[in-house]
Amino acid sequence: MKKPVVTNDALAHGLSNRLAFRLYQCANLLNKTGTRALERHDVTTQQWAILGALVRDRWVNGIAVRDLAALLMVSRQNLTGVLSRLESRGLVERVVDENDNRSRLIRLTKAGWQRWADMQEDIAGFYADAMRDLSTNDMIHALHYLDRLRQNLRAVDEAQGGED
């Protein structure tokens, strides 16, 4: 990783501060409004993210908790609690890894797949409302810049000795 150039540029500092704060606000609103959008399904945004990860073709047979935590960019400790709640509700299960009998993988149960299917209409409506007035081009650009920011934040995390 190349060393960042530190400047005393007040404009750049102010923009960085505003952008970071705006992302913080958006994350909080996404959490609050996403949970409300799926209230009738009894699913929070954290649970929604887990279910959404587990339906990917790549992980339909299961994913290790450490890999799921890395994908979602959360600590294993935080993920464990959410997984336990989903497991107690019968939406996910822990299964033996066929490649390593000592390891367990997380995967959706039949009820978890049904819950995911039941949520799709509400998810589509939520996205339509949340992304209103954003063109396809706007969304592509936003994804590009958010990916770059995520990469930079990962590098900061690693430089700080982050474990997760």
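Please enumerate the residues belonging to the stretch 96-130 that are loosely packed, with under 13 Cβ neighbours inside 10 Å and either hydrophobic (A, V, I, L, M, F, W, C) or in contact with a Gly (Cβ under 8 Å, 6 or more places away or on another chain) (or both).
Once the filter is applied, which keeps residues that are loosely packed, with under 13 Cβ neighbours inside 10 Å and either hydrophobic (A, V, I, L, M, F, W, C) or in contact with a Gly (Cβ under 8 Å, 6 or more places away or on another chain) (or both), the stretch 96-130 yields Val96, Ala117, Ala124, Ala128.
List, please: which pairs have Cβ atoms under 7 Å, are six or more places apart or on different chains, and start with a residue in the stretch 120-146 that is more than 20 Å from Arg36 (Cβ to Cβ) and end with one that is surrounded by 10 or more Cβ atoms within 10 Å (Cβ to Cβ) and not basic (Lys, Arg)?
Met139/Met131
Looking at Arg40, Arg18, which one is over 19 Å from Leu153 (Cα atoms), loosely packed, with under 12 Cβ neighbours inside 10 Å and modelled with pLDDT of 95 or more?
Arg40
Going through the stretch 131-153 one residue at a time, which ones are basic (Lys, Arg) and surrounded by 11 or more Cβ atoms within 10 Å (Cβ to Cβ)?
Arg150
Taking Arg76, is it modelled with pLDDT of 95 or more and among the charged types (D, E, K, R)?
No: the conditions fail for Arg76.
When the residues of the stretch 71-85 are filtered to those that are exposed (fewer than 14 other Cβ atoms within 10 Å of the Cβ) and under 13 Å from the mean Cα position of the chain (by Cα), which remaining residue is farthest from Asn152 (Cα to Cα)?
Going through the qualifying residues, I end up with Asn78.
Would you pick out the residues in the stretch 56-70 that are surrounded by fewer than 16 Cβ atoms within 10 Å (Cβ to Cβ) and in contact (Cβ under 8 Å) with a residue 12 or more places away in the chain?
Val60, Asn61, Ala64, Ala70
The values are calculated or read from the model by the stated rules, or taken from the named source; none is laboratory data. Owing to the predicted nature of the structure, the values given are computational and were not obtained by experimental measurement. In this analysis, Cβ positions are derived from the backbone assuming ideal geometry, glycine residues included, and neighbour counts consider all displayed protein chains.
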